[in-house]
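Asks: A single structure is presented below for examination.
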Amino acid sequence: MLIIDLLKVAPMQVGKRIANAQFSSDCFQSMTKSYAIPNPTYQNTSLSTVPHSMYKGRHKHEAVIMSLQDKWIFQDNLSEDRAFSVRESLRNAIIDRRLAPGTKLSEAEVGELFDVSRTVVRSALQMLAFEGLIKTERNRGAFVSNPTPEEARQVFAARRMIEPGIVLSAVERLTEPDLTLFQQHLEDEERHLNARGPAARRAEIKASGDFHLLLAKVAGNAILQKFMDELVARSSLVIALYGGSGISSCGHNEHHGILDALRNRDAATASALMLHHIDHIEADLDLRLREGLALKDALGL
C-alpha cells in the first residue's frame, strides 16, 4: 500500500494496515520523504514539513503515521536490547566455561530458553561470532569456538604485545580510589580462591580475568579496553580447552606483585611482571598436537 492510500483511510485502519505490513522505520522514512504533495509549491517536501492546511483535514492521519514510526523505532530498540541480553548470557556462560568448546548453540533451543524470536537469537549469535567466541558452519549452525593450538598461541602473543602498554598507561593515570578498587578486587579473588565447588571456581576464573579488564579501564583507552575484553574472553576459551585443571587461569599472587609495582609508580617493573604473568598463564597450557585415537583404542577395547 502506498502512503497516499494510507492517508485516505480512517486512522484506526492506518494503524492496523501499517502494523500488518511490517515495514522497517528506515523504509518508512524513505517512503515519506519520496511522497509528493499535489501542489507545485511543496512538490519536493516531506510530509513532516508541509503546513497542516495542505492536508485538508489529513493532519490526524499524519499524527497516527508518525506515532507508528516512533513505535517501530521503539520495537527495533527493544529487539536490540533483547539480542544484547541473550548475547551477554551466552558470553558469560562461555567465559565461565559452563559452555564447553564445540557446544552446539541451536537457534530454536536458545530462542525457547530466552523466550525470544529466532531473529533476536541470530543477532546475538552474530555478535558472539564477531568476537570470535562462536563459529557458524553452513547447514550445521553455531558452535562455541574450539581454538586450535596455533590460535591459542596467537591469543597470548597478542596479549604480550598489548598488556605491557596498558600497564604503562595505567601507571600514569592511576588514582588512590583506583588503588582501593584494585585492592578490593584482589580480596574478592582470594575469597573465591579459598572457596570450594564449581560455582566458586567459575567466580575465581572470572575475577582473575576482570583484573586485566580493570587495568585496561584505568588506562583510559576505549579501543584497547575493547580489545582486552575480547582477548580475555578468548583466553578463557583457550584455558577451558588446554589449561591445567588444578591451576587458576591467572596467578593470584602475581596480581599482588603487579599491584605493588603500580602503587609504587614503577612502570618498568609492573610491565615486566605483566609479561612474566602472561608467560606463566600460557606455560600452564598443554598445546601439544595429538593424533586422535581409533574408537577401539579410545575405549580400551
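Only the coordinates and a few stated rules stand behind these numbers; no lab work does. Quick caveat: nothing in here was measured; it's all calculated off a predicted structure. We place every Cβ from the backbone using ideal geometry, glycine too, and count neighbours over all the protein chains shown.
Asks: Remind me, what semi-axes does the stretch 83-144 give for its equivalent ellipsoid, largest first in whole Å, using sqrt of 5 times each Cα gyration tensor eigenvalue?
Replies: Equivalent ellipsoid of the stretch 83-144: 15, 14, 11 Å, largest first.
Asks: Roughly how big is the stretch 149-283's charge dipole about its Cα centre, with Cβ charges of +1 (Lys, Arg) and -1 (Asp, Glu), in debye to the nearest 20?
Replies: In debye, rounded to 20, the stretch 149-283 gives about 240.
Asks: Can you tally the net charge around LEU275? Count Lys and Arg as +1, Asp and Glu as -1, for every other residue whose Cβ sits under 12 Å from the Cβ of LEU275.
Replies: Values: positive: ARG159, ARG160; negative: GLU163, GLU254, ASP279, GLU282.
Net local charge, LEU275 excluded: -2.
Asks: Continuing with this model, one more query. Taking R0 as 51 Å, what's the FRET efficiency between PHE84 and ASP266 from their Cβ-Cβ distance, rounded to 0.05?
Replies: Once the sixth-power term is evaluated, E becomes 0.80.
Asks: Per residue of the stretch 87-92, what does 6.51 cos²θ - 1.76 cosθ + 1.60 with θ = phi - 60° give for ³J(HN,Hα)? Whole Hz please, x for Gly and Pro, Karplus curve as stated.
Replies: After applying 6.51 cos²θ - 1.76 cosθ + 1.60, I find 4, 5, 5, 5, 4, 5 Hz.
Asks: What residues have an amide H closer than 5 Å to that of ILE134, excluding those fewer than 5 places away on the same chain, when H is modeled at 1.01 Å from N in the peptide plane?
Replies: Under 5 Å from the amide H of ILE134: ALA129, SER145.
Asks: Among THR180, SER145, ASN194, whose Cα lies farthest out toward the positive end of the dipole of the stretch 95-226, if unit charges sit on the beta carbon of Lys, Arg (+1) and Asp, Glu (-1)?
Replies: Of the candidates, SER145 comes out farthest on the positive side.
Asks: Hey, fewest Cβ within 10 Å first, where do LYS226, LYS217 land in order?
Replies: Ordered from fewest to most neighbouring Cβ atoms within 10 Å, LYS226, LYS217 come out as LYS226, LYS217.
Asks: Still on this model: Read phi for every residue in the stretch 233-243 and hand back ³J(HN,Hα) as whole Hz from Karplus 6.51 cos²θ - 1.76 cosθ + 1.60, θ = phi - 60°, with x for Gly and Pro.
Replies: 5, 5, 4, 4, 4, 4, 5, 4, 8, 10, x
Asks: Another one. Order by neighbour count: GLU190, GLU112, GLU163, fewest other Cβ atoms within 10 Å first, most last.
Replies: GLU112, GLU190, GLU163
Asks: Give me SER208, SER271 ranked fewest to most by other Cβ atoms within 10 Å of their Cβ, as a rough exposure proxy.
Replies: SER271, SER208
Asks: Right, something else. Read phi for every residue in the stretch 112-119 and hand back ³J(HN,Hα) as whole Hz from Karplus 6.51 cos²θ - 1.76 cosθ + 1.60, θ = phi - 60°, with x for Gly and Pro.
Replies: With coefficients 6.51, -1.76 and 1.60, one gets 5, 5, 9, 6, 10, 6, 5, 4 Hz.
Asks: Once the other residues with Cβ under 15 Å from the Cβ of THR103 are scored (Lys, Arg +1; Asp, Glu -1), what is the net sum?
Replies: +2
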